[in-house]
Amino acid sequence: MDMFPWDKKPTRRPKTSDVKAFETEIRRLQDEMHKALNEGRDFGFGFSMTQINGQPVKHEIFYPNQTQTNEDIEDKTCTPFSDVYEEENQTRVVFDLPGVDKKDIQLTQEHNTLEVSVETPQRSYHKKVKLRHEIQNPKTTYKNGVLEVRIPKAEPKNLKIN
(Lines give C-alpha, C1' and ligand atoms only; values in the text may rest on other atoms or scores of the structure.)
Protein backbone atom coordinates (compact mmCIF):
# COMPACT_ATOMS: atom_id res chain seq x y z
CA MET A 1 0.00 0.00 0.00
CA ASP A 2 1.36 3.38 -0.98
CA MET A 3 1.43 5.98 1.73
CA PHE A 4 1.61 8.81 -0.80
CA PRO A 5 -0.32 7.82 -3.96
CA TRP A 6 0.05 11.27 -5.51
CA ASP A 7 3.81 10.63 -5.87
CA LYS A 8 3.08 7.85 -8.37
CA LYS A 9 3.96 8.50 -11.96
CA PRO A 10 1.17 8.07 -14.50
CA THR A 11 1.07 4.59 -15.97
CA ARG A 12 0.40 5.84 -19.50
CA ARG A 13 1.59 9.03 -21.02
CA PRO A 14 -0.11 10.41 -24.09
CA LYS A 15 1.67 9.61 -27.32
CA THR A 16 3.60 12.50 -28.80
CA SER A 17 1.56 12.17 -32.01
CA ASP A 18 -1.72 12.53 -30.04
CA VAL A 19 -0.50 15.70 -28.34
CA LYS A 20 0.76 17.19 -31.60
CA ALA A 21 -2.53 16.40 -33.37
CA PHE A 22 -4.45 18.08 -30.54
CA GLU A 23 -2.20 21.15 -30.61
CA THR A 24 -2.55 21.38 -34.40
CA GLU A 25 -6.35 21.27 -34.16
CA ILE A 26 -6.40 23.94 -31.44
CA ARG A 27 -4.17 26.22 -33.55
CA ARG A 28 -6.44 25.68 -36.59
CA LEU A 29 -9.54 26.56 -34.57
CA GLN A 30 -7.86 29.65 -33.14
CA ASP A 31 -6.83 30.81 -36.61
CA GLU A 32 -10.35 30.30 -37.99
CA MET A 33 -11.90 32.07 -34.99
CA HIS A 34 -9.60 35.10 -35.38
CA LYS A 35 -10.32 35.24 -39.11
CA ALA A 36 -14.10 35.12 -38.55
CA LEU A 37 -13.98 37.72 -35.79
CA ASN A 38 -11.85 40.06 -37.93
CA GLU A 39 -14.42 39.73 -40.72
CA GLY A 40 -17.25 40.51 -38.28
CA ARG A 41 -19.03 37.18 -38.66
CA ASP A 42 -20.65 34.97 -36.05
CA PHE A 43 -19.85 31.29 -36.07
CA GLY A 44 -20.36 28.09 -34.20
CA PHE A 45 -22.04 24.73 -34.19
CA GLY A 46 -23.15 22.46 -31.44
CA PHE A 47 -25.95 20.41 -30.03
CA SER A 48 -28.04 20.05 -26.93
CA MET A 49 -29.36 16.87 -25.37
CA THR A 50 -32.80 16.43 -23.89
CA GLN A 51 -34.81 13.45 -22.83
CA ILE A 52 -38.21 12.48 -24.23
CA ASN A 53 -40.00 9.47 -22.78
CA GLY A 54 -36.79 8.36 -21.10
CA GLN A 55 -34.80 8.39 -24.36
CA PRO A 56 -31.96 10.84 -25.09
CA VAL A 57 -32.66 13.19 -28.00
CA LYS A 58 -29.93 15.21 -29.73
CA HIS A 59 -30.86 18.67 -31.05
CA GLU A 60 -28.48 20.17 -33.60
CA ILE A 61 -27.67 23.84 -33.12
CA PHE A 62 -26.49 25.79 -36.14
CA TYR A 63 -24.74 29.11 -36.06
CA PRO A 64 -23.11 30.32 -39.27
CA ASN A 65 -19.48 29.23 -39.28
CA GLN A 66 -16.30 30.81 -40.46
CA THR A 67 -16.04 28.83 -43.70
CA GLN A 68 -19.31 30.20 -45.11
CA THR A 69 -19.70 33.37 -47.12
CA ASN A 70 -22.29 36.00 -46.22
CA GLU A 71 -24.43 34.78 -49.14
CA ASP A 72 -24.49 31.26 -47.64
CA ILE A 73 -25.43 32.62 -44.24
CA GLU A 74 -28.43 34.69 -45.40
CA ASP A 75 -30.56 31.57 -45.92
CA LYS A 76 -29.65 29.95 -42.61
CA THR A 77 -31.90 29.85 -39.58
CA CYS A 78 -30.24 29.48 -36.20
CA THR A 79 -31.56 27.17 -33.52
CA PRO A 80 -31.86 29.10 -30.26
CA PHE A 81 -30.54 27.58 -27.07
CA SER A 82 -33.37 26.34 -24.90
CA ASP A 83 -33.96 24.51 -21.64
CA VAL A 84 -36.95 22.52 -20.40
CA TYR A 85 -37.52 22.38 -16.64
CA GLU A 86 -39.95 19.78 -15.33
CA GLU A 87 -41.25 21.07 -11.99
CA GLU A 88 -43.87 19.69 -9.64
CA ASN A 89 -46.81 21.81 -10.82
CA GLN A 90 -45.55 23.16 -14.14
CA THR A 91 -43.14 22.81 -17.02
CA ARG A 92 -40.98 25.79 -17.93
CA VAL A 93 -39.46 26.19 -21.38
CA VAL A 94 -36.82 28.89 -21.73
CA PHE A 95 -35.53 30.14 -25.11
CA ASP A 96 -32.49 32.40 -25.54
CA LEU A 97 -33.30 34.94 -28.27
CA PRO A 98 -30.60 37.62 -28.02
CA GLY A 99 -31.16 40.86 -29.89
CA VAL A 100 -34.80 40.12 -30.70
CA ASP A 101 -37.73 42.50 -30.13
CA LYS A 102 -40.82 41.03 -28.50
CA LYS A 103 -42.95 42.00 -31.51
CA ASP A 104 -40.82 39.81 -33.82
CA ILE A 105 -41.41 36.57 -31.89
CA GLN A 106 -43.98 34.07 -33.14
CA LEU A 107 -44.86 31.41 -30.59
CA THR A 108 -47.32 28.66 -31.51
CA GLN A 109 -48.55 25.54 -29.80
CA GLU A 110 -50.12 22.35 -31.03
CA HIS A 111 -50.98 19.47 -28.69
CA ASN A 112 -47.71 18.94 -26.81
CA THR A 113 -45.38 20.96 -29.07
CA LEU A 114 -44.17 24.56 -28.72
CA GLU A 115 -42.70 26.28 -31.76
CA VAL A 116 -40.80 29.57 -31.68
CA SER A 117 -39.84 31.52 -34.81
CA VAL A 118 -38.16 34.85 -35.41
CA GLU A 119 -37.62 36.42 -38.83
CA THR A 120 -35.88 39.80 -39.04
CA PRO A 121 -33.35 41.19 -41.50
CA GLN A 122 -30.64 40.66 -38.85
CA ARG A 123 -31.66 37.28 -37.36
CA SER A 124 -33.61 34.15 -38.01
CA TYR A 125 -34.41 31.62 -35.29
CA HIS A 126 -36.58 28.52 -35.29
CA LYS A 127 -37.10 25.68 -32.84
CA LYS A 128 -39.76 23.12 -31.90
CA VAL A 129 -39.88 21.66 -28.40
CA LYS A 130 -41.96 18.57 -27.75
CA LEU A 131 -43.21 18.14 -24.19
CA ARG A 132 -44.51 15.11 -22.29
CA HIS A 133 -47.99 16.57 -21.80
CA GLU A 134 -50.58 18.67 -23.57
CA ILE A 135 -50.08 22.43 -23.49
CA GLN A 136 -52.99 24.23 -21.86
CA ASN A 137 -53.10 27.79 -20.54
CA PRO A 138 -49.44 28.71 -21.05
CA LYS A 139 -48.13 31.96 -19.62
CA THR A 140 -45.26 33.74 -21.33
CA THR A 141 -42.75 36.43 -20.37
CA TYR A 142 -40.00 38.02 -22.44
CA LYS A 143 -37.22 40.03 -20.88
CA ASN A 144 -33.63 40.79 -21.92
CA GLY A 145 -33.62 38.28 -24.79
CA VAL A 146 -35.07 35.42 -22.75
CA LEU A 147 -38.50 33.99 -23.60
CA GLU A 148 -40.00 31.91 -20.80
CA VAL A 149 -43.12 29.78 -21.26
CA ARG A 150 -44.77 28.35 -18.13
CA ILE A 151 -47.19 25.50 -18.70
CA PRO A 152 -49.24 24.31 -15.74
CA LYS A 153 -49.58 20.56 -15.37
CA ALA A 154 -53.14 19.29 -15.41
CA GLU A 155 -54.58 18.18 -12.09
CA PRO A 156 -55.35 14.46 -11.95
CA LYS A 157 -59.07 13.85 -12.15
CA ASN A 158 -61.02 11.05 -10.48
CA LEU A 159 -63.39 9.50 -12.96
CA LYS A 160 -66.77 8.11 -11.97
CA ILE A 161 -67.19 4.45 -12.84
CA ASN A 162 -70.69 3.48 -13.95
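The values are calculated or read from the model by the stated rules, or taken from the named source; none is laboratory data. Remember, it's a predicted structure, so these values are computed and weren't measured experimentally. Note that each Cβ is placed from the backbone with ideal geometry, even for glycine, and that neighbours are counted across all protein chains shown.
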Quick one: which of 119, 134 is among the acidic types (Asp, Glu) and within 30 Å of residue 32 (Cβ to Cβ)?
119
Which of the residues that make up region 64-98 are among the aliphatic types (A, V, I, L, M) and modelled with pLDDT of 80 or more?
84, 93, 94, 97
For residue 140, which of the numbered conditions (1) under 30 Å from residue 156 (Cβ atoms); (2) modelled with pLDDT under 90; (3) among the polar types (S, T, N, Q) fails to hold?
(2)
Output yes when any residue across region 97-106 is acidic (Asp, Glu) and within 20 Å of residue 53 (Cβ to Cβ), and no when none is.
no
Select from region 15-32 the residues that are more than 30 Å from the chain's Cα centre (by Cα) and among the hydrophobic types (A, V, I, L, M, F, W, C) and list them in ascending order.
19
